[in-house]
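Report on the structure given below.
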Amino acid sequence: MVKYIKLMSTLFFTLALVACNEEFPIDEDGLLITTRTQCYVSNFEMLGSDFQTVRTKAAVIDTVAQTVNVEVAYGTDLKNLYPQFSLVTDAKLDPKITGKVDFSDLANPKKYTVVSGNRKIKKEYTLNVTVQKL
Amino acid sequence: MKIMNYKLLSCLPLLSLVLLMSACEDEQYAVPTLPQELRNDVIKRTLGPNLVGLNIEFAYGIAIPKSLGKLVSAEVEASIAGAEATYLDNKSYSTNGSGQDVGVDVGSKSVNSGNKTTVTFTKDTIAATLRYFYRIPASAKGKEVSFTFSAKASNGQTVSYKMGPYKIAEMDMVLDLAVKDNDAAYISIEDMAVYGPAAAATNAAKIDLVYLYRVVPNVTFLHALVAPSAKTYLPGVTLPAGVSKSAKINKVWALRDFHLARLQYGIYIDDVDFQQLDLSGSPDFAINLKAESGAWVETADGKYRAYIYVNSIDNTTKSAKISIKRYTMK
């Protein structure tokens, strides 16, 4: 009996040690850092203050030039827009989008950086917003 | 180890027996004894904020054992007298197999006297559920109102039930205003009314929004609410003299307030929504408004906040039907 107990406790101890040694690295946002190196924007959406799309057509994403070109409808309230980026798996966006964004300064397009899953590759995308002409 | 196991085992039958015995001691079901007295109960049937001009509806149930007598009268006393349309239904309702409420006359039509509304039973009735409709009077705006339901039986017993207090909203509401491009197009939030060009000129200081319908090539403009200050979005509109105010407008989708839309959606805009509304940074125009959409509006002086709901639109007649809830800021 004592033999069994000894064996069992040794087994548990070993298991516990193994569990503690496993590394799951996380970044400053508590997100898992993975081995993925892909770093691009896969889709883009722009919503108005009523959470309906304001795009007139699909946004053009150029992953080489690192630009997102989007045309918004005539009469869009540019000060209260919600941009939505879809990114490749495990990537994240900097700065984070936490609410309404003011795009009224069309001459100075906003820039967003995509950070890859391994957090080592960073690509800065320029978001060019144009308003549909009359 | 073995000895301990044996001891434990020997205890088991005894334990099981004790458990079995206690489990068998089930309490006998007894039919509840009917209290030998007049009894009552009330439920509130309406939901959402209580607006002036709308009803607060209750169902008042009363019953007395047949051996004791019958119902004589039912009465509701409101802390603030209801508007003229307040009444206590003289029918007792039950629901039939198809889910329809079927009413049976049990008394004379209710009589309003001051704060009290009374129904006198004319049929031999021992149990009834009467509906009470309290039409909220303008005098109750912003106040609290409570109700005392009471009933009398032929044996002299009385019974009563208190409900409330219920807060009456500060909001004002107007339904189904018809707006038409280049005609009844000038909306005043202060008056909660729509004016034509001539009337708009005489009420120029009160005009907050202009309704227009435009078909612009390559652009979706259609039905729009635009403040007179946003000239860019008023193509082909000649504003009446003096109409030049600004306003803040924020388009909203799928906010179909139950009072304004009268559809199946249980969404209610209440005073608190207007109090917490932040329209800073909102534009002074909203184009491409669709049916069942809406817009939050704040007047230029910040005195009024409103929600304008678009009930319906008509592209051929270039018109729309709108309903407004408005809150006066303090």
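Condition check for B:K152 on (1) more than 25 Å from the chain's Cα centre (by Cα); (2) in the same structural domain as B:D284 (by TED's automatic domain parsing); (3) not hydroxyl-bearing (S, T, Y): one failure, at (2). The strands (runs of 3 or more DSSP E) found entirely in the range A:51-134 that carry 3 or more residues being surrounded by 16 or more Cβ atoms within 10 Å (Cβ to Cβ) and away from chain B (no Cβ under 14 Å) are A:67-72, A:82-87, A:110-115, A:122-131.
Restricting attention to the range A:39-50, the residues being open to solvent by 80 Å² or more (accessible area, probe 1.4 Å) and either under 15 Å from A:S116 (Cα atoms) or of a type in the set (K, R) (or both) number 1. Of the candidates B:V119, B:V106, the single residue that is over 30 Å from B:L260 (Cα atoms), open to solvent by less than 80 Å² (accessible area, probe 1.4 Å) and without any contact (Cβ under 8 Å) to a residue 40 or more places away in the chain is B:V106. Residues in the range B:256-269 that are out of contact with any Asp or Glu (no Cβ under 9 Å at 6 or more places or on another chain) and either within 14 Å of chain A (Cβ to nearest Cβ) or assigned to a loop (DSSP other than H, G, I, E, B) (or both): 3 in all. In the condition set (1) in contact (Cβ under 8 Å) with a residue 24 or more places away in the chain; (2) closer than 21 Å to B:G142 by Cβ; (3) β-branched (V, I, T), B:V272 is compliant with all but (1). Do you know which of the residues in the range A:21-38 that are surrounded by 13 or more Cβ atoms within 10 Å (Cβ to Cβ) and among the hydrophobic types (A, V, I, L, M, F, W, C) is nearest to the other protein chains (Cβ to nearest Cβ)? Looking at the filtered set, the residue picked out is A:L31.
Here the condition is being open to solvent by less than 20 Å² (accessible area, probe 1.4 Å) and under 19 Å from B:F258 (Cβ atoms); of B:I56, B:I64, it holds for B:I56 alone.
Quick check on this structure: which one of B:K330, B:K290, B:K318 is facing chain A (nearest Cβ under 10 Å), of a type in the set (K, R) and more than 14 Å from B:D176 (Cα to Cα)?
Working: B:K330 fails: facing chain A (nearest Cβ under 10 Å); B:K318 fails: facing chain A (nearest Cβ under 10 Å).
Of the residues listed, the single one that is facing chain A (nearest Cβ under 10 Å), of a type in the set (K, R) and more than 14 Å from B:D176 (Cα to Cα) is B:K290.
The residues listed here are B:L9, B:L15, B:L34, B:L19; of these, the one that is open to solvent by 100 Å² or more (accessible area, probe 1.4 Å), modelled with pLDDT under 95 and under 48 Å from the mean Cα position of the chain (by Cα) is B:L34.
Would you check if there is a residue in the range A:67-83 being under 16 Å from the mean Cα position of the chain (by Cα) and basic (K, R)?
The initial filter retains those residues of the range A:67-83 that are under 16 Å from the mean Cα position of the chain (by Cα), namely A:67-68, A:82-83.
When the remaining residues are screened for being basic (K, R), the result is none.
Within the range A:67-83, not a single residue is under 16 Å from the mean Cα position of the chain (by Cα) and basic (K, R).
Before we move on, is B:S146 open to solvent by 70 Å² or more (accessible area, probe 1.4 Å), outside any loop (DSSP other than H, G, I, E, B) and either in contact with a strand residue (DSSP E or B) (Cβ under 6 Å, 6 or more places away or on another chain) or in the same structural domain as B:K66 (by TED's automatic domain parsing) (or both)? Steps first, answer last, please.
On the way: open to solvent by 70 Å² or more (accessible area, probe 1.4 Å): no; outside any loop (DSSP other than H, G, I, E, B): yes; either in contact with a strand residue (DSSP E or B) (Cβ under 6 Å, 6 or more places away or on another chain) or in the same structural domain as B:K66 (by TED's automatic domain parsing) (or both): yes.
Against the criterion (open to solvent by 70 Å² or more (accessible area, probe 1.4 Å), outside any loop (DSSP other than H, G, I, E, B) and either in contact with a strand residue (DSSP E or B) (Cβ under 6 Å, 6 or more places away or on another chain) or in the same structural domain as B:K66 (by TED's automatic domain parsing) (or both)), B:S146 does not qualify.
Taken over the range B:270-283, the criterion of being surrounded by 22 or more Cβ atoms within 10 Å (Cβ to Cβ) and within 14 Å of chain A (Cβ to nearest Cβ) is satisfied by B:S282, B:P283. Exactly one residue among B:A193, B:A169 is over 15 Å from the mean Cα position of the chain (by Cα) and within 23 Å of B:E298 (Cβ to Cβ), and that residue is B:A193. What do you reckon, is B:V310 in the same structural domain as B:V215 (by TED's automatic domain parsing) and either at positive phi or surrounded by 15 or more Cβ atoms within 10 Å (Cβ to Cβ) (or both)? Yes. Considering the range B:89-136, the qualifying strands (runs of 3 or more DSSP E), each wholly inside and each with 2 or more residues that are under 22 Å from the mean Cα position of the chain (by Cα), run over B:127-135.
The values are calculated or read from the model by the stated rules, or taken from the named source; none is laboratory data. Worth saying up front: this structure is predicted, and the values here are computed from it rather than measured. We place every Cβ from the backbone using ideal geometry, glycine too, and count neighbours over all the protein chains shown. When the accessible area is computed, the model is the full protein with side chains, heavy atoms only, and any ligands, DNA or RNA have been set aside. Shrake-Rupley method; radii C 1.70, N 1.55, O 1.52, S 1.80 Å.
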